[in-house]
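These notes concern the structure reproduced below.
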Amino acid sequence: MRLAEVRGHDRVRGVLARALERDRLPPALLLDGPDGVGKKTLALAVAQATLCEAAPAAEPCGSCHACRTVAAAIRPDHLQELRQEADRHPDEDVWRNFRLHPDLVLAEGWWLTKGGRPRSEPEIRVDQVRDLVAEIAGAPFEARRRVFVIDDAHTMNDQAQNALLKSLEEPAPRSHVILVSSAVAGLRATIRSRCQRLRFGPLPRAVIAESLVAERGLGTEDARLQAALAGGSLGTALTREPGGELALREQVLVLLEGAAGNDPLARMEAAEELEQAEDPVELLGILRSLLRDLVALRAGAGAPALLNPDLADRLAPLASGPLGERALALAAQADEARAALRGFASKLMTFDRLVGALAGD
């Protein structure tokens with residue numbers, strides 16, 4: 001995986017490429033941004049470049065033994081095999097520390113409890129991090145340096161974060177820790193302050209649409225529509241069921257159309273229905289796209305400028321009414337709700353407050 005192959009994020013890729021070329025990669029990085037925009041992909045590309053036998057260089061060569069080893073290890077099918085094997089050992093924390101190369105470890109959270117029961121949110125356990133800390137302090141086995149990527153780092157429990165802190169306070173000379181997070185508020189300030197933080201934004205719709213055409217074989221118009229509904233997340237666009245986003249968008253639009261007339265009981269029922277969404281964060285992204293369109297219509301934009309141009313006729317009456325007046329503030333509240341859910345807030349309470357705000361309470 002080359003850095004140049006990661007879609008979007010030109011500024012961040014440039015910063016990392018220069019650091020690699022100059023052999024000045026920081027001991028601790030925090031890649032911060034929305035889900036599905038390429039943070040982990042770029043972290044693994046940086047890891048491959050760091051381990052490459054041609055290093056220091058801005059890109060991995062792709063042909064040396066280290067590059068071939070990493071490239072084989074990060075294939076989606078291989079990573080899925082590692083996850084399935086780990087799930088057979090839910091009581092042994094370190095099984096979710098995946099060794100992709102003698103000097104590269106990818107740590108992911110557990111979706112199972114120690115007893116093997118499903119969890120609603122992943123958790124990176126303290127013994128996983130203690131295992132990483134011991135390795136971070138060690139010398140490389142094969143490469144010039146070692147790299148440790150911690151995905152969804154905000155899911156480290158309190159003990160795990162405490163365990164990692166010492167490694168960040170006293171970095172090992174030839175080890176690099178890359179934290180990947182979509183909810184950095186879940187990380188302690190002492191951890192954030194000891195990392196060089198690189199922020200990722202949502203991907204442009206054009207980038208997502210091009211990827212959908214290339215990887216899913218969608219037609220241009222279908223790709224544009226799905227890209228508009230993805231909320232800047234290529235991961236969301238590539239993994240959602242075809243047509244599923246349209247049903248979800250219809251559910252959200254019906255909520256907007258009836259928001260003002262709902263009595264307290266109806267609002268409670270609406271919040272409970274939203275709570276049952278398979279992906280509440282995606283739902284909130286769709287809500288934000290519709291609210292953004294209300295703002296655009298109110299400012300005089302035409303249908304081609306909308307994220308949901310096919311809904312222009314249904315959105316126009318909402319834009320001209322009280323909901324349109326508050327659409328900008330409501331979009332900000334939708335963003336706050338997304339952040340709250342990533343930080344493990346109560347889904348029902350979050351949606352209850354949001355439905356009340358849509359109704360003008």
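The values are calculated or read from the model by the stated rules, or taken from the named source; none is laboratory data. Predicted model only: the values in this text are computed from it and were never measured. Methodologically, a virtual Cβ is constructed for each residue, glycine included, from the backbone with ideal geometry; neighbour enumeration extends over all protein chains shown. Quick note on the areas: whole protein, heavy atoms, side chains included, nothing else; ligands and nucleic acids left out. Shrake-Rupley method; radii C 1.70, N 1.55, O 1.52, S 1.80 Å.
Every condition in (1) free of Cβ contacts under 8 Å to residues at least 60 places away in the same chain; (2) open to solvent by 40 Å² or more (accessible area, probe 1.4 Å) holds for GLU275 except the one numbered (1). The condition (being at pLDDT 80 or above, touching a Lys or Arg at 6+ places or on another chain (Cβ under 7 Å) and surrounded by 22 or more Cβ atoms within 10 Å (Cβ to Cβ)) is satisfied by just one residue among LEU229, LEU234: LEU234. Residues of segment 286-302 being open to solvent by 10 Å² or more (accessible area, probe 1.4 Å) and β-branched (Val, Ile, Thr), which ones? Within segment 286-302, VAL295 is the sole residue that qualifies. Of the residues examined, ALA4 is not one that is in contact (Cβ under 8 Å) with a residue 12 or more places away in the chain, part of a helix (DSSP H, G or I) and either aromatic (Phe, Trp, Tyr) or buried (at least 16 other Cβ atoms within 10 Å of the Cβ) (or both). Of the helices (runs of 4 or more DSSP H) lying entirely inside segment 219-297, those containing at least 1 residues that are closer than 27 Å to VAL6 by Cβ are 220-229, 234-239, 244-258. If the condition is being part of a helix (DSSP H, G or I), modelled with pLDDT of 95 or more and farther than 19 Å from LEU16 by Cβ, then segment 53-76 contributes HIS65, ARG68, THR69, ALA72, ALA73. The number of residues in segment 156-167 that are modelled with pLDDT of 95 or more, in a helix (DSSP H, G or I) and either surrounded by 23 or more Cβ atoms within 10 Å (Cβ to Cβ) or touching a strand residue (DSSP E or B) at 6+ places or on another chain (Cβ under 8 Å) (or both) comes to 2.
Condition check for PRO322 on (1) within 25 Å of GLN226 (Cβ to Cβ); (2) surrounded by fewer than 16 Cβ atoms within 10 Å (Cβ to Cβ): one failure, at (1).
Test LEU315 against the stated conditions and say whether it is open to solvent by 30 Å² or more (accessible area, probe 1.4 Å) and in a helix (DSSP H, G or I). Here the answer is no, as LEU315 does not meet what is asked. Would you confirm whether any residue within segment 201-212 is touching a strand residue (DSSP E or B) at 6+ places or on another chain (Cβ under 7 Å), open to solvent by 30 Å² or more (accessible area, probe 1.4 Å) and within 30 Å of MET156 (Cα to Cα)? Within segment 201-212, none of the residues are touching a strand residue (DSSP E or B) at 6+ places or on another chain (Cβ under 7 Å), open to solvent by 30 Å² or more (accessible area, probe 1.4 Å) and within 30 Å of MET156 (Cα to Cα).
Restricting attention to segment 245-261, the residues that are at pLDDT below 80 and open to solvent by 40 Å² or more (accessible area, probe 1.4 Å) total 2.
Every residue, every condition in (1) modelled with pLDDT under 95; (2) closer than 23 Å to ALA340 by Cα; (3) surrounded by fewer than 22 Cβ atoms within 10 Å (Cβ to Cβ), yes or no:
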{"residue": "GLU135", "(1), (2), (3)": "no, no, yes"}
{"residue": "PHE141", "(1), (2), (3)": "no, no, yes"}
{"residue": "ILE150", "(1), (2), (3)": "no, yes, no"}
{"residue": "GLU170", "(1), (2), (3)": "yes, no, yes"}
{"residue": "PRO173", "(1), (2), (3)": "yes, no, yes"}
{"residue": "ILE178", "(1), (2), (3)": "no, no, no"}
{"residue": "ALA185", "(1), (2), (3)": "yes, yes, yes"}
{"residue": "THR190", "(1), (2), (3)": "no, yes, yes"}
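When you look at ASP310, is it open to solvent by 20 Å² or more (accessible area, probe 1.4 Å) and closer than 28 Å to ARG224 by Cα, yes or no? Yes: the conditions hold for ASP310.
Within segment 94-119, the residues that satisfy the criterion of being open to solvent by less than 60 Å² (accessible area, probe 1.4 Å), modelled with pLDDT of 95 or more and touching an Asp or Glu at 6+ places or on another chain (Cβ under 9 Å) are ARG96, ASN97, PHE98, HIS101, PRO102, ASP103, VAL105, LEU106, ALA107, GLU108, GLY109, TRP110.
Are any of the residues in segment 228-244 among the basic types (Lys, Arg), out of contact with any strand residue (DSSP E or B) (no Cβ under 8 Å at 6 or more places or on another chain) and over 21 Å from ALA329 (Cα atoms)? Yes: segment 228-244 contains one or more residues that are among the basic types (Lys, Arg), out of contact with any strand residue (DSSP E or B) (no Cβ under 8 Å at 6 or more places or on another chain) and over 21 Å from ALA329 (Cα atoms).
Filtering segment 14-41 to residues that are farther than 19 Å from HIS154 by Cα and either of a type in the set (A, V, I, L, M) or buried (at least 21 other Cβ atoms within 10 Å of the Cβ) (or both) leaves VAL15, LEU16, ALA17, ALA19, LEU20, LEU25. Would you be able to say whether some residue in segment 54-68 is within 22 Å of the chain's Cα centre (by Cα) and surrounded by fewer than 16 Cβ atoms within 10 Å (Cβ to Cβ)? Checked segment 54-68: no residue is within 22 Å of the chain's Cα centre (by Cα) and surrounded by fewer than 16 Cβ atoms within 10 Å (Cβ to Cβ).
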